[in-house]
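So the structure is just underneath, and the comments pick up after that.
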Amino acid sequence: MPENRDRSNHVLVWEQAEMATDEGVLPAKRFGTRHYIVFMLFLGMANAYVMRTNMSVAIVAMVNQTAIEKDAEVFDDECPDTDYGEDTHDSGQDGEFIWSTSMQGYILSSFFYGYVITQIPFGLLAKRYGAMRFLGWGMLINSVFAFVVPVAARQGGAGWLIAVRFIQGLGEGPIVPCTHAMLAKWIPPNERSRVGSIVYSGAQFGTVISMPLSGLLADHGFDGGWPSIFYVFGIIGTVWSIAFLLTCHEDPVTHPSIREDEKKYIQQSLWGNASVHIPPIPWTSIAKSLPFYAILLAHLGQNYGYETLMTELPTYMKQVLRFSIKTNGVLSALPYLAMWLFSIVVGWVADWMLTSGRVNHTWTRKISNSIGQYGPAIALIIASYTGCSRALTVAILTVGVGLNGGIYAGFKINHLDITPRYAGVLMAFTNCSANLAGLLAPIAAGNIIEGKPTIAQWRIVFVIAACVYLFTATFYNVFASGARQFWDDPENDEPQKPSIEAPSHSEANGNNGTTLTHRTVNEQTS
């Protein structure tokens, strides 16, 4: 195939994409700087989910359960009540605060309101100013304000606590779009499946660590128990944030100590994505892009179905099966553990499929996503027909959530395939929309089962969630693509029009060691 050349007769990096798969281009050092970046992003995602979920455990110990008025909870009588009441010891907890159930709901949701509204702004800012500092400083704010939670609750009451949790949510807003933006600059295409799975599986890892450890600290921690949850995780998050800001860099080009062979490998495999110049966001083209809508709908369906799996099935088991899975720490963490392990396995298999040359990016994403969304859909349907079998329902919950890990090698990392330069922006839009869709799951379930939590009514809840999974996964399989889209092709970029005359090469080198901020793709290959 003849090489495409520009006016200056330089080979465009875009045309060298396949060079990254040649053995001679691979960096000599297998564990490189990019692997350290991945490790830090994994820990950052774990920290983020610890901060997100620890309040749900802490609030049980914070509230005086015997002092608040409780509405009589409605239970179904279709299943025997054997073993029901094994969690009655929880009702005897006497916390410091008398907050109604509705007030507890406001406290728990305040974090997510802050989290959702900052998704898109930080995605746009990361594209313009870089993602690393927004991510590091945002998580530092989140972690520091964790120390304020006990003081706010004790001195200011529920109002101040809601404000502090809202600020924590604001600080965590950059985690997903900025992580995506950094992955786009650091990870070669044939490593994205396993790297994306590793990084985003930090969410499940953080949940697995947070739930039992938070419970242990609530019972045996210092300063009354529950405050130690926020102090301990606040310290861990602060240490990570400082280490991230001091040791990580925006991209391979700006990293001072990355090996030259690794930097060259990353730049070549990203088709010139390491170029500093990124043109304005092509909003019109994105708005017309079916591959983008495929990712968006898959993300919407994922959050709706996942919230149904993780928030409604335990309620179903309590109201209908008369058994509370939350009383068993192992069982409550088991689905997250299964999803974490399976997502890593799928990621490695997906990258093997790509590097072997047997399957292209498009089909790899579709196969992985089908496992991740059709699997839970089938599990939800089966769960609605298991009757009064507790063991079988727990098994289905674990398998369904475990298979859900396939999404990380599916739509979740697909933004990087279709548009490496705008991946963070697209993730901000899809993640914001998906989190809003996720809020609909408990609302829909609550309206369907209110006053009549029968197996038949719960079956409607599960089937609706399964249909959402099936529809969005099918739409993704029809319209998704793993190819870089034409509107993110560097060859189609309009020529830059500098406001001042660019200095000559000798002038640039003689300017006290500085270089031009905007470099063309050709200069990257010279």
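The values are calculated or read from the model by the stated rules, or taken from the named source; none is laboratory data. Owing to the predicted nature of the structure, the values given are computational and were not obtained by experimental measurement. Here Cβ is always computed from backbone atoms with ideal geometry, including for glycine, and neighbour counts include all displayed protein chains. Keep in mind that these areas ignore ligands, DNA and RNA; they rest on the heavy atoms of the full protein, side chains included. Shrake-Rupley method; radii C 1.70, N 1.55, O 1.52, S 1.80 Å.
Cβ separations smaller than 7 Å between residues 6+ apart or across chains give the following pairs from the stretch 35-48 residues that are in contact (Cβ under 8 Å) with a residue 24 or more places away in the chain to residues that are of a type in the set (D, E, K, R): ALA48/GLU172. Restricting attention to the stretch 283-300 and to residues that are of a type outside the set (A, V, I, L, M, F, W, C) and under 13 Å from VAL425 (Cβ atoms), the residue that is surrounded by the fewest Cβ atoms within 10 Å (Cβ to Cβ) turns out to be SER285.
Where helices (runs of 4 or more DSSP H) fall wholly inside the stretch 388-456, the ranges with 1 or more residues that are farther than 19 Å from ILE120 by Cα are 390-403, 411-418, 440-449. The residue pairs whose first member lies in the stretch 361-379 and is touching a residue at least 40 places away in the same chain (Cβ under 8 Å), whose second member is among the acidic types (Asp, Glu) and part of a helix (DSSP H, G or I), and whose beta carbons are closer than 9 Å, counting only pairs six or more residues apart or on different chains, are HIS361/ASP417; THR362/ASP417; THR364/ASP351; ARG365/ASP417.
The single condition among (1) crowded, with 23+ Cβ neighbours inside 10 Å; (2) at pLDDT below 90; (3) hydroxyl-bearing (Ser, Thr, Tyr) that THR364 does not satisfy is (2). A count restricted to the stretch 96-110 and to residues that are outside any helix (DSSP H, G or I) and open to solvent by 30 Å² or more (accessible area, probe 1.4 Å) stands at 3. Scanning the stretch 379-388 for residues that are touching a Leu at 6+ places or on another chain (Cβ under 6 Å) and buried (at least 21 other Cβ atoms within 10 Å of the Cβ) yields a count of 0.
If you check ARG459, ARG484 for being at pLDDT 85 or above and surrounded by fewer than 21 Cβ atoms within 10 Å (Cβ to Cβ), only one passes: ARG459. Determine if the stretch 203-219 includes at least one residue that is buried (at least 24 other Cβ atoms within 10 Å of the Cβ), of a type outside the set (Ser, Thr, Tyr), in contact with a Ser or Thr (Cβ under 9 Å, 6 or more places away or on another chain) and touching a residue at least 24 places away in the same chain (Cβ under 8 Å). Yes: the stretch 203-219 contains one or more residues that are buried (at least 24 other Cβ atoms within 10 Å of the Cβ), of a type outside the set (Ser, Thr, Tyr), in contact with a Ser or Thr (Cβ under 9 Å, 6 or more places away or on another chain) and touching a residue at least 24 places away in the same chain (Cβ under 8 Å). If you filter the stretch 44-83 down to residues that are part of a helix (DSSP H, G or I) and open to solvent by 50 Å² or more (accessible area, probe 1.4 Å), you find that the one that is modelled with the highest pLDDT is TYR49. Look at ILE229 and say whether it is within 30 Å of MET55 (Cα to Cα), of a type in the set (Val, Ile, Thr), under 22 Å from the mean Cα position of the chain (by Cα) and modelled with pLDDT of 85 or more. No; evaluated as a whole, the condition is false for this residue. Cβ-Cβ distances below 7 Å connect the following pairs, each with a first residue in the stretch 252-265 that is within 18 Å of ALA131 (Cα to Cα) and modelled with pLDDT of 85 or more, a second residue that is of a type in the set (D, E, K, R) and part of a helix (DSSP H, G or I), and a separation of six or more residues or different chains: PRO252/LYS263. For the stretch 158-169, filtered to residues that are free of Cβ contacts under 8 Å to residues at least 60 places away in the same chain and not hydrophobic (A, V, I, L, M, F, W, C), the residue that is least open to solvent (accessible area, probe 1.4 Å) is GLY169. Consider ALA391 carefully, then state whether it is crowded, with 21+ Cβ neighbours inside 10 Å and either farther than 16 Å from GLY410 by Cα or more than 20 Å from the chain's Cα centre (by Cα) (or both). Against the criterion (crowded, with 21+ Cβ neighbours inside 10 Å and either farther than 16 Å from GLY410 by Cα or more than 20 Å from the chain's Cα centre (by Cα) (or both)), ALA391 does not qualify. Applying the selection to the stretch 394-419, what residues are surrounded by fewer than 24 Cβ atoms within 10 Å (Cβ to Cβ) and modelled with pLDDT under 85? Correct list: VAL394 only.
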